[in-house]
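Scroll down for the structure; my scribbles are underneath it.
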């Protein structure tokens, strides 16, 4: 076995690091776009958003999500009520924010409060 101590120049290390950051940003942007599309194109029975059953089906798609973070984000929302059934309708933007919090295992950011 031959071991070489090949050193990488600082310029190359910076370039490699920069390339990795750019790749991660592109992947995050693509994921966020897919998540946005999933939430806003989800076939809800109310154009305004999700009733609880629809929300449960959606979050079941993400079994490894931190549900505590998801529901914590849901506790800071504004919603409306469906007249016929008396169920709450959770706006798309609030479901999207809660999904991001649960998937990223984080609390809501200040700019996400409505």
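Each value in this text was obtained by applying a stated rule to the coordinates, not by laboratory testing. This is a predicted model, so every value here is computed, not measured. Quick reminder, even Gly has a Cβ in these numbers, built from the backbone with ideal geometry, and neighbours come from all protein chains shown.
Taking N as the residue count of region 43-83, its C-alpha radius of gyration divided by 2.2 N^0.38 Å amounts to 1.25.
The label point for residue 61 and the one for residue 83, both projected 7 Å from the Cα toward the Cβ, are 3.0 nm apart. Spin-label model, residue 25 to residue 47: label points 7 Å out along the Cα-to-beta-carbon direction sit 3.7 nm apart. Over all Cα atoms in region 10-112, the spread is summed up by Rg and Dmax: 17.0, 66 Å.
In this calculation the C-beta distance from residue 15 to residue 104 is compared with R0 = 25 Å, giving a FRET efficiency of 0.35. For the chain, the longest principal axis of the C-alpha atoms and the axis of helix 92-104 are separated by about 40°.
Counting every other Cβ atom within 10 Å of each residue's Cβ, 51, 39 order from fewest to most as 51, 39.
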